[in-house]
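Here is the structure we will look at, set down as structure tokens.
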There are 2 protein chains.
Amino acid sequence: MDGSEKSITSERIARDLAEAIHEHRLAPGSKLNEDEVGAVYGVSRTVARSALQSLAHQRLVELRRNRGAYVAQPSAREAREVFEARALLEPRTARSAALRMTEADIARLQSHIDEEHAAIRDGRPGRALHLSGLFHVEIARIAEQKTIEEFVALLVARSSLIIALYWQRRSALCESHAHEALIRAFEARDGDLAEELMKNHLLDLVTSLDLRNITSAPASLREVLSP
Amino acid sequence: MDGSEKSITSERIARDLAEAIHEHRLAPGSKLNEDEVGAVYGVSRTVARSALQSLAHQRLVELRRNRGAYVAQPSAREAREVFEARALLEPRTARSAALRMTEADIARLQSHIDEEHAAIRDGRPGRALHLSGLFHVEIARIAEQKTIEEFVALLVARSSLIIALYWQRRSALCESHAHEALIRAFEARDGDLAEELMKNHLLDLVTSLDLRNITSAPASLREVLSP
DNA sequence: GCACGCCAGATTGTATACGAAATTGGATGG
DNA sequence: CCATCCAATTTCGTATACAATCTGGCGTGC
């Protein structure tokens, strides 16, 4: 259905790196050297470079001219903006999804949650976070909104970076309960409820972050320390 | 104010090509040969390729493995999805913008409209369409939502392709009147009205398109002419 | 002792070269 | 006359080589 012609090597590498960022195995600010990336995957710099550019387009890495590629460090402001965008897109999409939801879709969402719990049991919180992000993307897919799905995927990926930087509570899985409540709304095909639950879920996420603009992005010190 | 390290050659070329697509100087389906693009801008295929990849990330061109780059031809379905995404993002953003709007912002939006009229007088409808798209992006900028601004810019660019493919009425500038009404709402700092006007403006846009899935993407004839 | 400038190392930006995949057109055989 | 197959061509995918730029340390001069 989709594009079709993917799976070019560079795209595969980009996906792999994105997953590593997603799962917090690569911390924000990490430098991604073209030679190193190429060496890791056994390809030349050309391919590694292409993968890094792809990630830059997704705002997961920042390219600095003649300096290199670094895992992005969203500022507190960017963090707020990402969640404001999600607040516009996701609740209405959850409503649409609720109305189109099939049994197979629900099963699939449930298995996502199960996997997530398994990851937590196995002590892989990064993987669990990744999966909980995919839950949101899956909802957009079920709503049959490919364009919105793309955007949600971008926003979820950036949210992962934001959580890595600004997460404050250690309360592990407030997430899952929200997701389970959503599933119940989906089972009832209750669009209104799904929309409302998603809205509150996103609000909870933002308030669980510490977005007073402490430190944030060392990238542009100039803006902070004017002479 | 933006990123900072742009103006790499490939980004400049990508912007230039994007503008050409935006203004309908490059029709949907046009082939963009890497060698030709490189020759036009006096750079090597490496740089041309990078620019084309950038456009592919914006979904303005479609890359087909071992086939080349073609200006995208959104299907009727994609067209609908693009406008559904816009319907979620832009009305609320127009409301925010109305509340933050300064005199300078209003003047800037007005000059956009003036330029648009001038372009029409000069018989450059493509340029006028481009400018009317920038009007929407500008609103997101005024709302101080950089993330949403990015998305709106992407959607506006794709809308330009969609209009090139599915525009049916020759009624030139129903657009401008909607934009002028929006400006009046902004002048009054009337968020509710701005939101409502934007919502209706987008609805008008969709209904002015012919999205019965006739023909759409000749790219894959195979799907249309099954044996 | 401090500041300025310069040089070496490293890393990215760009160009070119070679190999692989896919289409095109004609030749061949039925 | 049509279908099939093969090679010639085009175009892309990847690797490598060279040039430009930045970082950091060293030395000289004040």
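The values are calculated or read from the model by the stated rules, or taken from the named source; none is laboratory data. None of these values were measured; they are calculated from a predicted model. Here the Cβ is made from the backbone with ideal geometry for all residues, glycine too, and neighbour counts use every protein chain on show.
Those residues that are away from DNA strand C (no atom under 12 Å from the Cβ) and buried (at least 19 other Cβ atoms within 10 Å of the Cβ), I need them from region B:25-55; list them, please.
Once the filter is applied, which keeps residues that are away from DNA strand C (no atom under 12 Å from the Cβ) and buried (at least 19 other Cβ atoms within 10 Å of the Cβ), region B:25-55 yields B:Leu26, B:Pro28, B:Leu32, B:Leu52, B:Gln53, B:Leu55.
Under 25 Å from A:Val137 (Cβ atoms), assigned to a helix (DSSP H, G or I), at pLDDT 90 or above and away from chain B (no Cβ under 14 Å): is that true of A:Leu26 in this structure?
So A:Leu26 does not fit the description; no.
If we only count helices (runs of 4 or more DSSP H) wholly inside region B:84-197, which ones have 1 or more residues that are within 14 Å of chain A (Cβ to nearest Cβ)?
Of the helices (runs of 4 or more DSSP H) lying wholly inside region B:84-197, those with at least 1 residues that are within 14 Å of chain A (Cβ to nearest Cβ) span B:125-142, B:146-166.
Give the residue that is farthest from the other protein chains (Cβ to nearest Cβ), with candidates limited to residues of region B:65-79 that are of a type in the set (A, V, I, L, M) and buried (at least 20 other Cβ atoms within 10 Å of the Cβ).
Of everything passing the filter in region B:65-79, B:Val71 is farthest from the other protein chains (Cβ to nearest Cβ).
In region A:55-69, which residues are more than 10 Å from DNA strand D (Cβ to nearest atom) and out of contact with any strand residue (DSSP E or B) (no Cβ under 9 Å at 6 or more places or on another chain)?
The answer is A:His57, A:Gln58, A:Arg59.
If you go through region A:198-227 one residue at a time, how many are of a type in the set (Val, Ile, Thr) and either assigned to a helix (DSSP H, G or I) or modelled with pLDDT of 90 or more (or both)?
Residues in region A:198-227 being of a type in the set (Val, Ile, Thr) and either assigned to a helix (DSSP H, G or I) or modelled with pLDDT of 90 or more (or both): 3 in total.
May I ask you to list the residues in region A:38-52 that are more than 7 Å from DNA strand D (Cβ to nearest atom) and of a type in the set (A, V, I, L, M, F, W, C)?
Scanning region A:38-52 gives A:Ala39, A:Val40, A:Ala48, A:Ala51, A:Leu52.
Confirm whether B:Glu62 is away from chain A (no Cβ under 11 Å) and buried (at least 18 other Cβ atoms within 10 Å of the Cβ).
So B:Glu62 does not fit the description; no.
Taking only region A:121-136 into account, find how many residues are buried (at least 20 other Cβ atoms within 10 Å of the Cβ), without any contact (Cβ under 8 Å) to a residue 60 or more places away in the chain and of a type in the set (A, V, I, L, M, F, W, C).
3
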